[in-house]
Amino acid sequence: MSSLGDLIAFVLHLAGATGLFVFCAWLYPKRDRFGTAGGSVVTACGTMGAWGVVAAAFGGQSQPALALLCLSYLAWFLVVYRLFESDGRHSSVRPVRAVVAALSVVELLQLGLVIIRPSASTPQASQALFELAATLRLLSAVGALVLVHNLFVGASPAGRLTLRWPAAALAAMWLYDLNFYTAAYLSGETSDVLGAIRGALMLLMTILLALGAARQSAEIRLRPSRSVTFRSFSLVVIGAYLVAMVLIAQALSYLGGHLAWLVQIGFLAAAMAAALLVLPSRRLRSWAKVVLAKNLFQHRYDYRVEWLRFTQTIARGGEGVTPLHERVVQAVADITDSPGGLLLTPSDGGGATLDSRWQWGEVDVPAEALPAGALRFFQEQQFILDLDDVRAGRNDRGEPEHVPAWLIENRRAWVLVPLLHYQRLVGIVVLARPSIVRKLDWEDFDLLRVVGQQLASYLAEQASQEALGEAHRFDEFNRRMAFVMHDIKNLASQLSLLARNAEKHADKPEFRADMLVTLRNSSDKLNALLARLGRYGPGGNELRQRLNVGECVARVAARYETQHPVQIGERQSCEVMADAEGFEQALVHLVQNAIEASEPGSPVFLNATCDGLYARVEVVDAGTGMSPEFIRTRLFKPFHSSKPGGFGIGAFEARELVRGMGGQLNVESREGLGTRFIIRLPLASTARMTGDVSSGDAPRPAVGTAPGVAPDTGADIAPDTTEVA
């Protein structure tokens with residue numbers, strides 16, 4: 001090679017060595033970013049940097065440089081092994097240790113050839129040793145590429161983010177060797193041009209490793225290996241690549257001159273670019289898996305692997321584990337490689353509401369995610385619905401009329417999977433569109449249906465456990481309240497008797513007046529408390545009367561005038577048949593909840609509107625918001641108070657009061673954005689037509705409020721700040 005070429009090789013090798021040394025110094029205090037492989041990465045980079053210095057000084061094919069290259073490759077084999085070792089895979093996948101050991105033996109043989117080659121007595125012997133060395137190097141490159149492929153593809157999605165750049169650096173190095181030594185074996189000598197490029201390769205490896213170390217990634221976690229056939233596919237690709245290299249080299253031998261070197265270098269650059277694109281690309285890997293599944297296997301799924309993964313996802317326990325309802329979505333999404341999903345569960349109103357999200361936080365789901373008719377459709381038909389079919393106009397069973405517009409308009413929504421337990425629908429999983437979309441067939445439907453039934457049994461069991469626990473808590477609550485009511489009754493009787501006796505004594509008018517005021521107020525408070533506690537008993541049927549919702553909203557807003565800004569946005573005059581005190585009490589609960597969830601000075605809005613059949617009252621705040629998990633498990637559950645000493649029945653009481661008047665209470669909330677409580681009550685005209693009224697239209701006196709005493713709001717339902725964003 002010319003003196004200019006020698007200068008370029010010297011500069012590239014020196015620059016690559018300098019970059020690796022700088023990277024080693026920077027990485028050493030942060031080596032835990034590569035897990036247990038951090039120390040090995042530092043050692044390997046330092047050894048390769050030393051090789052770069054020697055290659056710059058004496059040439060890449062000098063004996064010291066070749067010896068250091070062997071040592072650096074041994075260090076890189078150790079790096080790969082440590083990456084497998086990060087999750088114990090070196091012990092669960094025994095071939096990993098065997099392959100690493102075999103590659104190390106090959107590299108030690110290579111080191112022996114480097115030592116004995118200068119002593120070769122004849123040119124023929126020297127050439128034979130050279131060809132043997134090239135062959136051993138090709139074996140090392142092929143085996144190492146297989147290891148890197150298995151390391152990266154077998155990692156979890158979080159682990160791949162960490163392994164993406166280190167795997168790309170290792171793949172680039174051994175892919176270069178595959179090209180370099182294939183050309184050397186075929187031509188009988190090493191290429192000075194390709195040898196000079198190795199310095200640039202060191203710079204590329206430094207950049208890729210630095211990108212990987214700069215990421216604040218979680219600890220590397222690896223899954224058990226997938227099908228052996230998918231692993232073996234890498235060997236087929238590498239073998240095909242070698243055949244292509246041989247054919248290209250034979251064709252280039254007829255060209256000769258600079259054109260041959262130009263084509264070979266271009267092919268090398270294209271092959272390295274392809275490797276860097278394929279290894280980190282989830283889309284290309286998914287495409288390859290789909291193609292292999294279609295053409296090489298009778299069944300698409302390895303059911304043993306799918307069931308083990310399903311069980312591992314659902315049975316996962318310990319602190320920091322996602323809730324069961326999110327893991328239900330993940331278990332279904334893993335089957336179809338979906339990146340996210342939603343769980344919709346039946347609501348008290350007959351439709352379905354959002355229960356949980358898994359890696360799909362940006363989608364806006366209305367308060368009623370699915371109407372009641374859609375739930376009946378999926379329960380009766382047991383139908384797994386591909387939304388792309390509906391968008392394309394499919395209407396075999398009347399599917400379009402049961403799918404709401406928000407699912408059709410959101411192109412990421414892909415498949416609806418019903419979860420059925422004993423022919424009863426307990427939920428519907430909405431899967432997000434995967435990167436590679438394929439048409440679902442009978443095998444997908446069968447597996448999704450079986451998994452859905454199994455998940456439905458888990459959800460039903462959890463619901464039964466929660467209902468049993470709630471029944472036990474109610475029993476304890478009723479037992480304690482029975483004693484409390486008994487004591488309060490006795491006290492109320494005593495105070496009433498004392499008040500009557502005090503009226504008979506007129507010796508001291510001042511004493512008599514004070515005693516009467518005090519005793520009567522105490523008696524009123526105790527009787528009001530008894531009435532309020534007895535409201536939930538068998539005889540708690542409140543009389544309903546004609547009530548103007550707009551006026552009631554105005555009264556509640558005025559009550560908080562001096563405490564917190566409560567503004568009325570829209571106020572229509574709507575008349576309903578309801579218990580006036582109970583409706584106002586429920587509204588006070590919700591307003592107090594909104595105030596406590598909002599920042600000081602942030603207004604709470606009240607709206608009262610009519611839609612022809614129902615009166616709609618909204619309580620809207622811009623507070624912290626609530627997660628679906630909080631709404632499902634705590635908001636409307638009694639005995640889950642966020643206040644010290646609270647019973648935790650505020651939200652429960654509000655909902656029961658509204659239900660008792662024939663209405664519904666729904667909630668829409670997004671963490672960090674705010675919350676909207678919605679009360680819907682039948683209008684008075686609607687109630688008369690349906691006969692949904694209690695006897696008696698006369699106004700009833702306020703219960704539970706003594707003269708001059710503000711009613712107990714009981715509003716202990718503000719979301720716990722530890723549960724929401």
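The values are calculated or read from the model by the stated rules, or taken from the named source; none is laboratory data. Remember, predicted model here, so these are calculated numbers, not experimental data. With ideal geometry, Cβ positions are generated from the backbone for all residues, glycine too; neighbour counts draw on all protein chains shown.
Structure values in brief
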read-out: Test: residue in the range 391-407 that is surrounded by 14 or more Cβ atoms within 10 Å (Cβ to Cβ), closer than 30 Å to residue 321 by Cα and of a type outside the set (S, T, N, Q); value: yes
read-out: For residue 417: the one exception among (1) over 24 Å from the mean Cα position of the chain (by Cα); (2) modelled with pLDDT of 90 or more; value: (1)
read-out: Test: residue in the range 370-387 that is over 30 Å from residue 678 (Cα atoms), of a type in the set (S, T, N, Q) and touching a Lys or Arg at 6+ places or on another chain (Cβ under 8 Å); value: yes
read-out: Residue 417 touching a residue at least 40 places away in the same chain (Cβ under 8 Å), closer than 17 Å to residue 368 by Cα and surrounded by 18 or more Cβ atoms within 10 Å (Cβ to Cβ); value: no
read-out: For residue 190: the one exception among (1) at pLDDT below 80; (2) part of a helix (DSSP H, G or I); (3) closer than 30 Å to residue 9 by Cβ; (4) not small (Gly, Ala, Ser); value: (2)
read-out: Criterion (touching a Lys or Arg at 6+ places or on another chain (Cβ under 6 Å) and either more than 22 Å from residue 83 (Cα to Cα) or assigned by TED's automatic domain parsing to the domain that holds residue 21 (or both)) met by exactly one of 176, 185, 181; value: 181
read-out: Of residues in the range 445-492 being more than 33 Å from the chain's Cα centre (by Cα) and β-branched (Val, Ile, Thr), the one modelled with the lowest pLDDT; value: 484
read-out: Helices (runs of 4 or more DSSP H) fully within the range 311-414 counting 1 or more residues that are among the hydroxyl-bearing types (Ser, Thr, Tyr); value: 324-336
read-out: Matching residues, the range 306-325, being under 19 Å from residue 447 (Cα atoms) and in contact with a helix residue (DSSP H, G or I) (Cβ under 8 Å, 6 or more places away or on another chain); value: 306, 309, 310, 313, 314
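Residues are listed down the side, and each one gets a yes or a no for (1) β-branched (Val, Ile, Thr); (2) over 23 Å from residue 569 (Cα atoms); (3) modelled with pLDDT of 60 or more; (4) surrounded by fewer than 17 Cβ atoms within 10 Å (Cβ to Cβ):
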{"position": "646", "(1), (2), (3), (4)": "no, yes, no, yes"}
{"position": "669", "(1), (2), (3), (4)": "no, no, yes, no"}
{"position": "699", "(1), (2), (3), (4)": "no, yes, no, yes"}
{"position": "703", "(1), (2), (3), (4)": "yes, yes, no, no"}
